[in-house]
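The values are calculated or read from the model by the stated rules, or taken from the named source; none is laboratory data. Quick caveat, the model's predicted, so the values are computed rather than measured. Glycine also receives a Cβ, built like all others from the backbone with ideal geometry; neighbour counts cover every protein chain displayed.
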Amino acid sequence: MYEQYWSLKEKPFQNTPDPKYLYLSSQHEDALMKLTYVVAQNLGAGLLSGVFGCGKTLLARVILKDLGIQKFCTAYISNPLVSEPSEIIRAIVRSLSPQDLPDRKSEILVDPLLEKMHNILLDNAREGRQNIVIIDEAHTIEDPRIFEQLRLILNFQTENKFLLTLILLGQPEIKAKVDALKPLAQRVPIRCQLDPLSGKGVGAYMAHRIKVAVGDGESDVVAILADDVVASIAKYSGGIPRRINTLCDLILLSGFAKKTKKIDNNFVDSVIKEFSLT
Ligand SMILES: Nc1ncnc2c1ncn2[C@@H]1O[C@H](COP(=O)(O)OP(=O)(O)OP(=O)(O)O)[C@@H](O)[C@H]1O
Ligand SMILES: [Mg+2]
């Protein structure tokens, strides 16, 4: 909408988990390295926690993209809010191998589903493909039986390796939920956390996204990177990327609507008021 006005190839601040826009702050880099290590070394399970909007889902997308489809078979469960342990297994089987999903009524029971899953994992392993299961929003799981079920599938192993790598993503309360189940906690050797960006990090994050969106050309949108503007955006957003994106997108929209390219901290405040951002 405002791309042409600001000489942009794309909108820089969209709230979508597009790996192309990944800004590797030191903590994002650390988390990416640790989770990649869990996968590469077949360590069983890893946990990525962090407040809302800090980049957990985006990092999962980056990992999936980097893995490609050649050597890995991945199941990405975006919504683990299920009422029965069998449903989480069913969701994983569906994601790993939709054609193998049992449809007979008796097979909604957990045992046949687990057997089916075990066979899929073994087949993939025999064909040299590693199985990765990513459970996003894992903090929403209330029923300990679901976590217990996830622990049980980590028991699928050959003599020398795990048959799957499990990665749990969730808001900070996920850590306590995992720790409440000692046998599961012991099987999660690698943990990492994403916190909000620092003040400096906010500016670097914005500059990175603008660079990707501008490409080789030049754009007046860099006006948004003035120190006082970045400071206002950092204050409003608390360093949370999703909040930074929302505000920056509205600043660019408002500049376009008002036909101004002069962005200062008063302009930022007026946008926060105009759009009733909280
Ligand atoms: N490191 C980053 N580089 C670029 N963009 C980012 C980064 N971190 C977050 N974002 C942006 O912020 C948006 C929100 O991030 P994401 O959805 O990954 O957060 P989340 O931690 O999964 O939040 P929630 O707990 O609410 O699910 C992303 O769509 C992305 O546009
Ligand atoms: Mg998320």
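Tally the residues that are of a type in the set (D, E, K, R) and touching a strand residue (DSSP E or B) at 6+ places or on another chain (Cβ under 7 Å), restricting the search to the stretch 115-149.
Residues of the stretch 115-149 that are of a type in the set (D, E, K, R), as a first pass: 115-116, 123, 126-127, 129, 136-137, 142-143, 145, 148.
Applying the additional criterion that residues be touching a strand residue (DSSP E or B) at 6+ places or on another chain (Cβ under 7 Å) yields 129, 136-137.
Going through the stretch 115-149 one residue at a time, the tally reaches 3.
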So the check is Cβ under 9 Å with 6+ separation or different chains; which pairs have a first residue in the stretch 167-182 that's closer than 14 Å to LEU154 by Cβ and a second one that's among the acidic types (Asp, Glu) and more than 10 Å from ligand 1 (Cβ to nearest atom)? LEU181/GLU148
Here the residues within the stretch 17-38 that are within 14 Å of ligand 2 (Cβ to nearest atom) and acidic (Asp, Glu) are ASP18
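If the requirement is being away from ligand 1 (no atom under 15 Å from the Cβ), modelled with pLDDT of 95 or more and among the charged types (D, E, K, R), which of these qualifies: ASP249, ASP220, ASP179?
Details: ASP249 fails: away from ligand 1 (no atom under 15 Å from the Cβ); ASP220 fails: modelled with pLDDT of 95 or more.
On inspection, the qualifying residue turns out to be ASP179.
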Can you tell me which residues in the stretch 235-278 are in a helix (DSSP H, G or I) and more than 19 Å from MET206 (Cα to Cα)? ALA257, LYS258, SER270, LYS273, GLU274
Under 6 Å between Cβ atoms, at least 6 apart or on separate chains: pull out the pairs that start in the stretch 40-56 with a residue that is in contact (Cβ under 8 Å) with a residue 24 or more places away in the chain and of a type in the set (Lys, Arg) and end on any residue that is within 16 Å of ligand 1 (Cβ to nearest atom) and part of a strand (DSSP E or B). LYS56/LEU48; LYS56/GLY50; LYS56/LEU169
In the stretch 39-49, anything surrounded by fewer than 23 Cβ atoms within 10 Å (Cβ to Cβ) and either within 14 Å of ligand 2 (Cβ to nearest atom) or of a type in the set (Val, Ile, Thr) (or both) is listed as VAL39
Filter the stretch 1-18 down to the residues that are in contact (Cβ under 8 Å) with a residue 40 or more places away in the chain and away from ligand 1 (no atom under 16 Å from the Cβ) and list them by number. MET1, TYR2, TYR5, TRP6, SER7, LYS9
Given the structure, is ILE167 surrounded by 15 or more Cβ atoms within 10 Å (Cβ to Cβ), under 27 Å from GLU137 (Cβ atoms) and within 16 Å of ligand 2 (Cβ to nearest atom)? yes
Any residue in the stretch 235-260 that's without any contact (Cβ under 8 Å) to a residue 12 or more places away in the chain and farther than 20 Å from LEU22 by Cβ: show its pairings with residues that are away from ligand 1 (no atom under 12 Å from the Cβ) and part of a helix (DSSP H, G or I) at Cβ separation under 8 Å, as long as the two are six or more apart or on different chains. THR260/PHE267
Considering the stretch 46-68 alone, what residues qualify as being more than 13 Å from ligand 1 (Cβ to nearest atom) and touching a His at 6+ places or on another chain (Cβ under 7 Å)? none
